[in-house]
Every structure is written in structure tokens, then in C-alpha cells.
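The values are calculated or read from the model by the stated rules, or taken from the named source; none is laboratory data. Just so we're clear, the structure is a prediction, and the values are computed from it rather than from any experiment. Cβ atoms come from the backbone with ideal geometry, glycine included; neighbour counts cover every protein chain shown. Accessible surface areas use protein heavy atoms only, side chains included; no ligands, DNA or RNA. Shrake-Rupley method; radii C 1.70, N 1.55, O 1.52, S 1.80 Å.
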Amino acid sequence: MAGGIFSPLGSCSELEKANCHPLVCLLCHEPYQHPCLLDCYHNFCASCLRGRASDGRLRCPLCGHPSVVRGGTGLPPVDRLLQFLVDSSADSEEDVQCANCDRCCTKAELDTMYFCNTCGQPLCAPCREETHRARMFTRHEIVSLSKRTKDIHKKCPLHEEPYIMFSTEKKSMLCINCFRDMQGESRAHCIDIETAYMQGCQRLDQAVMAVKELQTSTREAIVLLKAMIEEVRNSASEEEAAINSLFSRMQEQLSERKKTLLKAVQSQHEEKEKAFKEQLAHLASLLPTLQVHLVTCSAFLSSANKAEFLDLGYQLMERLQRIVKLPHRLRPAQTSKINSEYRAEFARCLEPLLMLSPRRSVVGSAGGIGPGITGTNMLPGGQCSKTLMVPSCPPTSDKMSTGPMVKKPTMHRYISTKVLLAEGRETPFAEHCRNYENTYRMLQTEIQGLKDQVQELHRDLTKHHSLIKSEIMSEILQKSLQMDVQIAAHYSAVEMMRSVFEEVWEETYQRVANEQEIYEAQLHDLLQLRQENSCLSTITKQIAPYVRSIAKVKERLEPR
């Protein structure tokens, strides 16, 4: 046996590629030796499963399904059916010798060999014609070598009598003694071997048909799941690309806005610094003048007599008053706070990228949306089908083909529309969505009808190499042109509503922004009130001892 049988098996795709033989164990890759059947109907050799059981349970090495094992061996029961096939395969590989002429046949000649179940001997084709055509051999049962009956299947192991009956109740063969030992009610369920064989073949055919149907369904499910895995992979790639693209654009926008904001901050810094320096220079030049006049006043008072004071004192006072009345900028003309409103600016630059717009089932430059067939055809429920693909179809309308690129339709629009309509709010956009869905379903139904007709013509052309219903081609083209006009008109009508809805969306955005600002102001006011209340509590706690002390002194001084 191959080593490493306790290592887990690979994926199902690896098993499928391996193209395993039905009589070869999946673990040791050798012909089955005492094959055991698990509850999940997977087979393995008894030696390959030995030692894998734990707490009376054995987990399948292939699918992991737990199977209950009973007995001290820790192994599931032996699969008698598979063991029979293994033994039959081994017998077919043995050299067979004709019992009459002793002629040995090769493996390629096994299909021409026969076996006499009555004599229990193999026969070649010439001996079957020469010896077993006599009248004395007319009752002998001669079958092909592959269908010979072994001794274990010919006689009852209990009575050593040949089998003659079959019990449909117990699903077992009976000899004459077994039949006699049965009760009368059970005998009613006994039939002869030939009838049982015919009925068993019919029931087996029915079971095989059911298994074939399950096999077909399983293959279809596998194909579907593989397609869904590929679709998930593509969807993930598209989503990653969209995320990276949006992130790159956001980075570009933020980088540009960052440069603008930094320039604005630098400009404010330079402007404020220049103003403050000018004011500082003015005050710095004013201070020595004031100091000089103060010293002058002090010296004048100490040195001048009354006559000199009256002669020059009023002149000095006028000078001092004029100095005080001069416009001196003692207070800063502006605050030192630099405010660039960077949060609002960043949000404003990201607003066009993050605003959610309703997705419409219109393909922009990738192809027209009318019955001029696009790359993918829409089915009900938002699914896409590639059953009909006509390359190089011109766009149906210049306006529709040259418009802005619109995202592919997904389940997002259908789910969002259903949620919006389920809310029950009567808004212009909800009414528009309701009318749009009705018109879209009608157009989609008509398009599907045209697709079915074209597919039927395509099937006639590929199978019969002729157009059996060629007279309806002109009708299909006429209907297609009409649908083109209807879809273009509906597209124009929906496009005309853009300005109306953009005004509503802008008003809604401004309203939300105002509500957010009011909400933040409310929180700020509450925090300010809380802070004032905290200050009052602190002051009250500080003056409480003094109030109580004064109250006690007052009670002592005043009579009761």
C-alpha cells in the first residue's frame, strides 16, 4: 500500500482529475481489500480505516461525514456488493481452460467463453456447439462466463439445497426446505427465481434512472457553482478595482485640497504675523515717547516755580492730552487663531465622489440600451444572460450613447427601490420610481419576447439550416424599431427629471447639514449649562460653611 494513508485527501477537483477506478481504494490506490461502506456511502479498505475511529465514530477521509462504528474492530461493515465486484474482477483476470478440450483462452477471448451452471464447468464456443447441443444437455443452464453462478450463490448454506424461490419480504433466496419452514403468510411473498430476477432488474432500472437524474442534477449544480465561484472572483476583482480607483481619486482630491489649504494657512499666517509685527513696532516706538514725557513732567515739577509752572504747565498738559488722544492700537486688531475650515473643505471635495446616486440599467459607451443587442441581455430580477450576442451593433441614440458612463445594473437598484417603495412615503422620487418600474417591466417583457423569437429563428437556422419562419423577420425588425423609439423616449423622460431631483437632493443635503450644525450647537449649549451649573455647585460648597457659621451667631444674638 502507498504510504501516508492518514493524511487528508485533496479537494474534489483533484479526485476528479485523478479519474479513479471504481474498484481502487482512494487512500492506498490499490484494489479493495475487504472494502468497508461508511454512512456517507464512500468505500475504503478495512486496513486503510483501521485506527481512525474515535469514541465510536469514524470520520470519512473524503468528505468528513461521521459514521457510527460498532463492535471491537472499530470498522464499519464490509460492503458485500463491492466485494462481489472485486472478486468478479479478480476471477475475470484468471486464465480459463475449457473443461472439454482443455483449450486455454486469452483475456481477449473471455467474451467468447461460456459456463454451464449445471455442470459447473467452462466451455469454449466450439465445445458448446458440439457437445452441449445434444438432447441430454437441453436442461443445462449455459450462460456467458461473466454471468456464471458461483457455488455460494447456487445452494443454501443451511440445507445444502439449490435455491428455487425468492422472498420479497426478507429479500433473500430460499431452498425447498427454507420454503417449507416458512409460515403461510410469509409464503405469499415468495416468487420463483426467474420472476424475482425480472422484477429486480426493473426496480434496479428505476433506481438507476433516479441516480442518473441525481447525477445530471449534480453535474449541473457543479457547473453552476463553478460559474458562481468565477462570478464571485470577477465581482471581487471589480469591487477591488472600484475601491482602488475611488481611493486613488479621493487621494488626488485630498492631495489637491491639502495643497490649497496649506497655502491658505500660510497666507493667513503671513498676513496675521505682518499685522502683529506692524502693531508691535508702533507700540515699541510709542513706549520711549511716553517714558520721555513722564520724565519731563517729573523734572518740570521738581524744578519749575509757580510762575514758570503757570507759564509752561498748560503747554505741557496740552501736549500730554494730545499724546493720549492719538489713535494708539493697544489691542490686537484680529485674533491669533488661524481657521482654514479644513474639515468642511475636505468633506466638500469628497462630496462628488461619495454621493450615492441611483443606479440605472443603461449601458453608456459600452453599447446602446435599446434592442440593438448589447453585450449582456437583462433578465427579470437583475440577472444577466449571454444567450444572444450580436457584435458591432450601433448605439440607438446619440444622446444615450454619448451621455455619461452609467454603472451596470445590479441587485442594489432593485433592493433599494423595493425598500424605498415599502416605506410608504409619498415623495416625488418614490412616485417616479413606481412609474419607472411599471414602464421598465413592460419594456423588459416585450424585449424578452423579441429575444425568444430571435432565438427560435437562430435554432431553426442552426438545426435545420433554413429559416422555417422567415416571414416573421420583418415583424421582429419592426417591433425592434418600435421598442427602440419607446426606450429612447423613456430614457429622455427619465433624464429630464435629473435637474428636478438634483435640486431636491441639494436641498436635502443643505437641510441635513443645517440639522447637524443645530445638533452640535445644542450639545455645546448643554455642555456650557452643565459647566455653569458645576461652577455654581462649587461656589455653593465653598460658601456653605460661612453661611452656617453666620446663621449660628445670629441665632445666639437674637432672642427666640
Pull out all pairs, ordered by first then second residue, where Cβ-Cβ is under 8 Å, the residues are six or more apart or on different chains, the first lies in region 241-253 and is open to solvent by 60 Å² or more (accessible area, probe 1.4 Å), and the second is modelled with pLDDT of 90 or more and not in a helix (DSSP H, G or I). none
Please count how many residues of region 37-71 are hydrophobic (A, V, I, L, M, F, W, C) and either in contact with a Ser or Thr (Cβ under 7 Å, 6 or more places away or on another chain) or over 21 Å from Asp87 (Cβ atoms) (or both). 9
Only one of these conditions is not met by Glu213: (1) surrounded by 10 or more Cβ atoms within 10 Å (Cβ to Cβ); (2) more than 47 Å from the chain's Cα centre (by Cα); (3) acidic (Asp, Glu). Which number is it? (2)
Glu426: passes all of (1) among the acidic types (Asp, Glu); (2) in a helix (DSSP H, G or I); (3) modelled with pLDDT of 70 or more but (2)
Restricting attention to region 308-333, and to residues there that are open to solvent by less than 70 Å² (accessible area, probe 1.4 Å) and assigned to a helix (DSSP H, G or I), which single residue is farthest from Ala275 (Cα to Cα)? Gly313
Flag if Glu252 is more than 28 Å from Leu330 (Cβ to Cβ), acidic (Asp, Glu) and assigned by the TED database to the domain that holds Tyr342: yes
Filtered residues of region 478-497 (kept if open to solvent by less than 80 Å² (accessible area, probe 1.4 Å) and either more than 24 Å from Leu450 (Cβ to Cβ) or not polar (S, T, N, Q) (or both)): Met483, Asp484, Ile487, Ala488, Ala489, His490, Tyr491, Ala493, Val494, Glu495, Met497
Going through region 16-36 in order, the residues found to be more than 24 Å from Asp87 (Cβ to Cβ) and open to solvent by 80 Å² or more (accessible area, probe 1.4 Å) are Glu16, Lys17
Are any residues in region 37-89 assigned to a helix (DSSP H, G or I) and open to solvent by 50 Å² or more (accessible area, probe 1.4 Å), and if so, which ones? Arg80, Leu81, Phe84, Leu85, Asp87
What number of residues within region 152-204 are under 21 Å from Ser88 (Cβ atoms) and part of a helix (DSSP H, G or I)? 9
Let me confirm something: among Leu204, Leu224, which residue is open to solvent by 80 Å² or more (accessible area, probe 1.4 Å), out of contact with any strand residue (DSSP E or B) (no Cβ under 6 Å at 6 or more places or on another chain), not polar (S, T, N, Q) and not assigned by the TED database to the domain that holds Glu345? Leu204
Is one or more of the residues making up region 144-156 open to solvent by less than 50 Å² (accessible area, probe 1.4 Å) and at pLDDT 75 or above? yes
